[in-house]
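Contents: one structure, followed by commentary.
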């Protein structure tokens, strides 16, 4: 816009000077024509003196014409200088305007850069905040998951406690060559009221009893009732579910698992199910709920830390 205005002003000033010089030149030429006509027209009764052109030598005529047109040439020279001076002024003005526009553009660019940097910093800070929120949310979800797993583990321990007291204690009978043997038979009031201690006592008693009378329990003639085998399978199923929580347990429940001897109890139950026949049925090997058929091999890789 500034360039267009400068061009308009420059062109208008140049045309003004040229118009003025053209008018002056026309007037000057008109005067010259009248003067030359007067000098050429020699009266018939006049003597040929030096005042008329026809009476002058060619050299003097040329000098006269040169002198006549010299002012006109000078005027055009002055006009050219004025026009160029005006154009130079306008060019300087245009350059100044251009420089001002460049400075404004630079200021706008600097401001835009500052705004972009501020936006980038804000975006980076927002990304960090989102990352922190994601980490917090992930930790909360992990904590909730562990809490739920611990709650499930505690519920399974309640089921194990109920199964041992209602289906194992005083009811786990085996028909051995030496007669009917009951593995554990705690009387009411002899076990601790606290669940974890009660489970530890019952599990320890079962393991101790089996270790002492293992020859009788594993004798080829020893049998057990179908109800006896079902109770053992139910307890073993609960133990299997407890072992499935092994990798995600809290340290408290890991220590509790060691105290109750869950791994040894599972080995004991699986041995009783696999190696003792059910009365009235042919001997058979029950499918192991553990990844390996050998309980000792399973326990060697899945013990409580």
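Mind listing just one residue for me: the one in segment 218-245 that is in a helix (DSSP H, G or I) and touching a strand residue (DSSP E or B) at 6+ places or on another chain (Cβ under 6 Å) and, of those, surrounded by the fewest Cβ atoms within 10 Å (Cβ to Cβ)?
Keep residues of segment 218-245 that are in a helix (DSSP H, G or I), which gives 226-243.
This time we only want the ones that are touching a strand residue (DSSP E or B) at 6+ places or on another chain (Cβ under 6 Å), so: 226, 229.
Working: 226: 11, 229: 19.
So, considering only residues that are in a helix (DSSP H, G or I) and touching a strand residue (DSSP E or B) at 6+ places or on another chain (Cβ under 6 Å), the one surrounded by the fewest Cβ atoms within 10 Å (Cβ to Cβ) is 226.
Do we find a residue being surrounded by fewer than 16 Cβ atoms within 10 Å (Cβ to Cβ), in contact (Cβ under 8 Å) with a residue 40 or more places away in the chain, part of a loop (DSSP other than H, G, I, E, B) and at negative phi anywhere in segment 152-166?
Scanning segment 152-166, I find no residue that is surrounded by fewer than 16 Cβ atoms within 10 Å (Cβ to Cβ), in contact (Cβ under 8 Å) with a residue 40 or more places away in the chain, part of a loop (DSSP other than H, G, I, E, B) and at negative phi, so the answer is no.
Going by the conditions given, is residue 293 modelled with pLDDT of 60 or more and out of contact with any helix residue (DSSP H, G or I) (no Cβ under 8 Å at 6 or more places or on another chain)? Explain how you work it out, then say what you get.
Numbers: modelled with pLDDT of 60 or more: no; out of contact with any helix residue (DSSP H, G or I) (no Cβ under 8 Å at 6 or more places or on another chain): yes.
No.
Under 59 Å from the mean Cα position of the chain (by Cα) and at negative phi, is that true of residue 219?
Numbers: under 59 Å from the mean Cα position of the chain (by Cα): no; at negative phi: yes.
Considered against the rule, which asks whether it is under 59 Å from the mean Cα position of the chain (by Cα) and at negative phi, residue 219 comes out as no.
Within the group 200, 215, which residue is in a helix (DSSP H, G or I) and either buried (at least 20 other Cβ atoms within 10 Å of the Cβ) or modelled with pLDDT of 90 or more (or both)?
Numbers: 215 fails: either buried (at least 20 other Cβ atoms within 10 Å of the Cβ) or modelled with pLDDT of 90 or more (or both).
Selected residue: 200, the only one of 200, 215 that is in a helix (DSSP H, G or I) and either buried (at least 20 other Cβ atoms within 10 Å of the Cβ) or modelled with pLDDT of 90 or more (or both).
The values are calculated or read from the model by the stated rules, or taken from the named source; none is laboratory data. Since we're looking at a predicted model, the values are computed, not measured. Methodologically, a virtual Cβ is constructed for each residue, glycine included, from the backbone with ideal geometry; neighbour enumeration extends over all protein chains shown.
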